[in-house]
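The values are calculated or read from the model by the stated rules, or taken from the named source; none is laboratory data. What you are looking at is a predicted structure, and each value in this text was computed from that prediction instead of being measured. Quick reminder, even Gly has a Cβ in these numbers, built from the backbone with ideal geometry, and neighbours come from all protein chains shown. With ligands, DNA and RNA removed, areas are computed over all heavy atoms of the protein, side chains included. Shrake-Rupley method; radii C 1.70, N 1.55, O 1.52, S 1.80 Å.
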Amino acid sequence: MRTQKLLKLPIMAAALVAFSFTSCKTTDEEVAPESTSLSVDFEKYELENGLDVILHQDKSDPIVSVAIQYNVGSNREKTGRTGFAHLFEHMLFQESENVPQDQFFKKIQDVGGTLNGGTWKDGTIYYEVVPKNAMETVLWLESDRMGFLINTITESAFNNQQEVVQNEKRQRVDNNPYGHEGWVLDKNIYPEGHPYNWQVIGELEDLQNATVADVKEFYDKYYGPNNATLVLAGDFEIADAKTLVEKYFGEIKRRQEVEPLKPQPVTISETVRLFHEDNFANTAQLNMVWPTTYQYTEDAYALDFLSELLSSGKKAPMYKVLEKEKQLTSRSYAYNNSQVLAGEFHVTVTANSGKSLNDIEKGMFEAFTLFEKEGVTDRDVERIKAGLETGFYNGISSVLGKSFQLARYNTFTGDPGFIEKDIENIKKVTKEDVIRVYNTYIKDKPYVITSFVPKGQMDLVAENSIKAPVVEEEIKENVAKVIEESQEEIVKTPSKIDRSKEPEQGESPSLNVPASWTSELTNGMKVYGIEQNEIPTVNFSIRIDGGHLLDDMSKNGVANLMTDILMEGTKNKTSEQLEEEIEMLGANINMYTTNEAIVIRGNTLVRNFDKTIALVREILLEPRWDEEEFALIKTSTINGIKRSDADPNAVANRVYNKLLYGEEHIFSYPTSGTVASVEAITIDDLKAFYNKNFSPSISSVHVVGKINKGAVLETLKGLENDWAAKEVTIPEYSIVNNRDKSSLYFVDIPDAKQSVISIGNIGLTRNDKDFFPAEVMNYKLGGSFSGNVNLILREEKGYTYGARSSFSGSKIPGTFTASSSVRTNTTGESVSIFKEEIEKYKEGISEEDLLFTKNALIKSNARRFETQGSLLGMLQEMSEYGLDANYIEKEEEVIKNMTLEEHKALANRLLDESKMAYLIVGDAATQFAQFKLMGFDEVLLITKDGEESKMDNRKDIR
């Protein structure tokens, strides 16, 4: 899928205080936006203990966001003690003196909320979004872990989170193509001892050697109120919020003073050239990185523009040289990463299959030469700025987005209202600034270059490279660490209030589903809409039924290519011209193919909605059928397919579908097609698909935003008048759901550091009367963080970063799936735990667990209608499945009325672990043989294509 993307510069943030946005002049006055005012008020004050408090009142929805940002990231760590900030982020979710083990997630979910945290090089943030009646509960929880946590940090809890974090590293780094690139680049851009020399996740050895004493010291220094910003945004009274903040946070003592870090930009004296043979890569990847400057500087803003102009879109030199002319790549990008202390300018190019990184490096310098020759025009700069206003509005579409940005600006600039200065700095960037930073930081300057190539393909490495000292974990037998817990009672820190008592929550907000409207155009296209007036933008989608279902098995992938070719120009516009028109509107239009539909998604300012839809009409009704672009699309798609073959998760998804749906069903084949099928597809195949299957009679439009029904229907006149209906027949495939045994299938990924587990069977259609009840039934098994499988595999065992189960379904039966990625040496035990928990779940759950399920699902509806995106999803569900406008009210009744007996009956009817497929994608040499002794009806080693493998007798598979 190729998309037209709305620019989101890293330095940009959501607008958070009053400002006036006036676009710069363009050569096309029709699309130049008028002056627009965007205002969000806030109040900032400081408690006596140094805690910065920022309050923003927004009564649009009955919810509140709470965010606490601590001015501590991995930049506060030391060599040999890395990963502490991130590890401690995990520790704060365990327990505190007045909140028992594993209750943070459960208590927030129980009030209908959501929560999480994040750590990066410069900061750590924790956040919750809850119905407004639960605001005091969140303040109680957050204050308890800020001021009343230290005495609860135990060896066992610490060991558990050490394991969880190590599994996160295995999942995100060790088991991923190119996963070690960040480590190699930072080690060579930043000198030993520089705070950016190591990764946020930390070194595996440092994580394993960390002690409880280390963590307590880190907490005492960096987690005090005087090193934090607390933001409340949402539906509350200012006076009430101040009272509660003082009640819960006011008594927490200041801790050690934390000196602000001063910028530490770096330079390198000579180019450094490194390579790594990547176990998980199928194609080579080149990175070139130059040291730059820190954030909010004049140069940082200009470098953001430079990265866009070099790499984004059809006018970009990188596209013209590397992709179009030389066809060395179909995936490349550049970005500037200016942070608190320093920055880097990155170029990343993933090679087409078999292409040399030496040629790509040379091609990159040809792209620089082209950039110098063509220069930068005023219009180039203005098309980047055109998306700013839409981006600002999108950024403040949720109370959580506002909270994040207020916290970030306050932490790093001392001023939550810094957005005004930020906007001015972006608007001031000129073409001369862009050329200046190119000459200052990039042209003829030394850089770090990395070549990550598939194992055994050293001929692809850029010349004169030396081996990077990447340390890869060795797979060992799992040995459980036995820790004897102290039996001493936790000593509680004195408090002025009884913190052991959870606050009363009061009455939950009642369900308030936004009013929607429907209509049908004269050509048969159905229209669904919701008027939402909070921000002057519109989000829309057009769904054309069919999608992958309409693919011919012998030409699999045509539907997917359709959504690419249609975005590559129209009858009267080249692909470059179309792209520029979208950009100058500050709009975003993209197309993609699903199993059952082709979808167009868009986001634009209300005043540009008619022009944006006019472009959509052109895209849909006046395709260009550009042969040159089609060839590039095929190359890109084929290389994407080849890359996915190295991704354990992609392999698992593809094989799992084939095992469950069977070779006679189109869902057993990937939407993208196969290398062979895509190579055989011609542009005439696409034209035939378009002429046969594109019709308003099987299409629906969904519109949400600051626009009424009449205006929407008027704007759609062009599509209504110019798009004639035709009859389209969507094939129906039979699904044989006769699995009668437990089958263990194993796909070998040699030396995998994690095993991807997928367990399940064919389930229900979305319209089945039991589908939604089944989702409710599954919730406590694996439908959330507090699901049984996650609590055991992650929180108790520390084997995984996460484990879930779910029901999927559409007009075609979906699946029940339980899944996780687990540490390789725990694969067998993890599969057994899944199997045992599914079996045990059929015995029924407790009254307490049923109440938790009901609270979590019903109360969370207060958060369900906040953003245009969430409302668009509601309309799409209504149109796709023929649901009533009040379907959410009906779902609430299902939840309220579910009994323990109904829950148990559903589990017994829909969950049968003795007749499920168990798919493992991992290291067969160390993990396969054990399954032959675990009681499965059949155990098979299969290929990445889902066929039985002939390699079962390999010597290294034991």
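Is it the case, given these coordinates, that PRO446 is within 30 Å of SER356 (Cβ to Cβ), surrounded by 11 or more Cβ atoms within 10 Å (Cβ to Cβ), modelled with pLDDT of 95 or more and in contact with a Ser or Thr (Cβ under 6 Å, 6 or more places away or on another chain)? Step through it out loud before you land on a result.
Numbers: within 30 Å of SER356 (Cβ to Cβ): yes; surrounded by 11 or more Cβ atoms within 10 Å (Cβ to Cβ): yes; modelled with pLDDT of 95 or more: yes; in contact with a Ser or Thr (Cβ under 6 Å, 6 or more places away or on another chain): yes.
Here the answer is yes, as PRO446 does meet what is asked.
Would you say GLU325 is open to solvent by less than 20 Å² (accessible area, probe 1.4 Å), in contact with an Asp or Glu (Cβ under 9 Å, 6 or more places away or on another chain), acidic (Asp, Glu) and under 30 Å from ASN464 (Cα atoms)? Before you say what the answer is, go through the steps one by one.
Numbers: open to solvent by less than 20 Å² (accessible area, probe 1.4 Å): no; in contact with an Asp or Glu (Cβ under 9 Å, 6 or more places away or on another chain): yes; acidic (Asp, Glu): yes; under 30 Å from ASN464 (Cα atoms): yes.
Spelling it out, it is not the case that GLU325 is open to solvent by less than 20 Å² (accessible area, probe 1.4 Å), in contact with an Asp or Glu (Cβ under 9 Å, 6 or more places away or on another chain), acidic (Asp, Glu) and under 30 Å from ASN464 (Cα atoms).
Only a single item in (1) open to solvent by 50 Å² or more (accessible area, probe 1.4 Å); (2) in contact with a Ser or Thr (Cβ under 9 Å, 6 or more places away or on another chain); (3) at pLDDT 90 or above is not met by GLU43, and it is number (2). Note on segment 917-934: among residues that are assigned to a helix (DSSP H, G or I) and among the aliphatic types (A, V, I, L, M), the one that is surrounded by the fewest Cβ atoms within 10 Å (Cβ to Cβ) is LEU933.
Within segment 315-341, residues that are polar (S, T, N, Q) have Cβ atoms under 8 Å from residues that are open to solvent by 60 Å² or more (accessible area, probe 1.4 Å) and modelled with pLDDT under 95 in these pairs: ASN336/PRO10; ASN337/PRO10; SER338/PRO10, counting only partners at least 6 apart in sequence or on another chain. For first residues located in segment 173-199 and at positive phi, partners that are part of a loop (DSSP other than H, G, I, E, B) and among the hydroxyl-bearing types (Ser, Thr, Tyr) and lie 6+ apart or on another chain with Cβ distances below 7 Å form the pairs GLY193/THR79. Across segment 384-399, a minimum of one residue is classified as of a type in the set (Phe, Trp, Tyr), at negative phi and outside any loop (DSSP other than H, G, I, E, B).
For every residue, the table says whether it meets (1) of a type in the set (Gly, Ala, Ser); (2) in contact with a strand residue (DSSP E or B) (Cβ under 9 Å, 6 or more places away or on another chain); (3) farther than 23 Å from GLY414 by Cα; (4) surrounded by fewer than 24 Cβ atoms within 10 Å (Cβ to Cβ).
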{"site": "GLU48", "(1), (2), (3), (4)": "no, no, no, yes"}
{"site": "ILE63", "(1), (2), (3), (4)": "no, yes, yes, no"}
{"site": "ILE68", "(1), (2), (3), (4)": "no, yes, no, no"}
{"site": "ASN75", "(1), (2), (3), (4)": "no, no, no, yes"}
{"site": "PHE93", "(1), (2), (3), (4)": "no, yes, yes, yes"}
{"site": "ASN98", "(1), (2), (3), (4)": "no, no, yes, yes"}
{"site": "LYS107", "(1), (2), (3), (4)": "no, yes, yes, yes"}
{"site": "ASP110", "(1), (2), (3), (4)": "no, no, yes, yes"}
{"site": "LEU115", "(1), (2), (3), (4)": "no, yes, yes, yes"}
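Of the strands (runs of 3 or more DSSP E) that lie entirely inside segment 512-630, those containing 2 or more residues that are open to solvent by less than 10 Å² (accessible area, probe 1.4 Å) span 526-531, 537-545, 588-593, 597-605.
Working carefully through the options GLU257, GLU217, GLU205, find the one that is acidic (Asp, Glu) and either in a loop (DSSP other than H, G, I, E, B) or touching a Gly at 6+ places or on another chain (Cβ under 7 Å) (or both). Give the steps one after another, and end with the answer.
On the way: GLU217 fails: either in a loop (DSSP other than H, G, I, E, B) or touching a Gly at 6+ places or on another chain (Cβ under 7 Å) (or both); GLU205 fails: either in a loop (DSSP other than H, G, I, E, B) or touching a Gly at 6+ places or on another chain (Cβ under 7 Å) (or both).
One residue alone meets the criteria, GLU257.
Taking the criterion of being among the hydroxyl-bearing types (Ser, Thr, Tyr) and either open to solvent by less than 30 Å² (accessible area, probe 1.4 Å) or within 16 Å of GLY182 (Cα to Cα) (or both), the residues of segment 269-296 that qualify are THR283, THR292, THR293.
The combined condition, being within 21 Å of the chain's Cα centre (by Cα), open to solvent by 10 Å² or more (accessible area, probe 1.4 Å) and modelled with pLDDT of 95 or more, is not fulfilled by THR124.
Identify, please: which residue in segment 141-174 is outside any helix (DSSP H, G or I) and open to solvent by less than 10 Å² (accessible area, probe 1.4 Å) and is, among those, modelled with the lowest pLDDT?
Within segment 141-174, the subset outside any helix (DSSP H, G or I) is 148-149, 153-154.
Still in the list and also open to solvent by less than 10 Å² (accessible area, probe 1.4 Å): 148-149.
On the way: PHE148: 94, LEU149: 89.
The qualifying residue modelled with the lowest pLDDT is LEU149.
Candidates in segment 213-241 are the residues that are modelled with pLDDT of 95 or more, open to solvent by 30 Å² or more (accessible area, probe 1.4 Å) and not hydrophobic (A, V, I, L, M, F, W, C); of these, the one that is nearest to ALA157 (Cα to Cα) is ASN226.
Among the residues of segment 331-351, the ones that are over 22 Å from the mean Cα position of the chain (by Cα) and surrounded by 23 or more Cβ atoms within 10 Å (Cβ to Cβ) come to 6 in all.
Among the candidates ARG617, ARG654, ARG607, single out the residue that is closer than 30 Å to ASN738 by Cα and among the charged types (D, E, K, R). Give the steps one after another, and end with the answer.
Working: ARG617 fails: closer than 30 Å to ASN738 by Cα; ARG607 fails: closer than 30 Å to ASN738 by Cα.
One residue alone meets the criteria, ARG654.
Of the numbered criteria (1) at pLDDT 95 or above; (2) part of a helix (DSSP H, G or I); (3) under 30 Å from LYS402 (Cβ atoms), the one GLU420 fails is (1).
Across segment 242-256, not a single residue is classified as closer than 22 Å to ASN337 by Cβ and buried (at least 16 other Cβ atoms within 10 Å of the Cβ).
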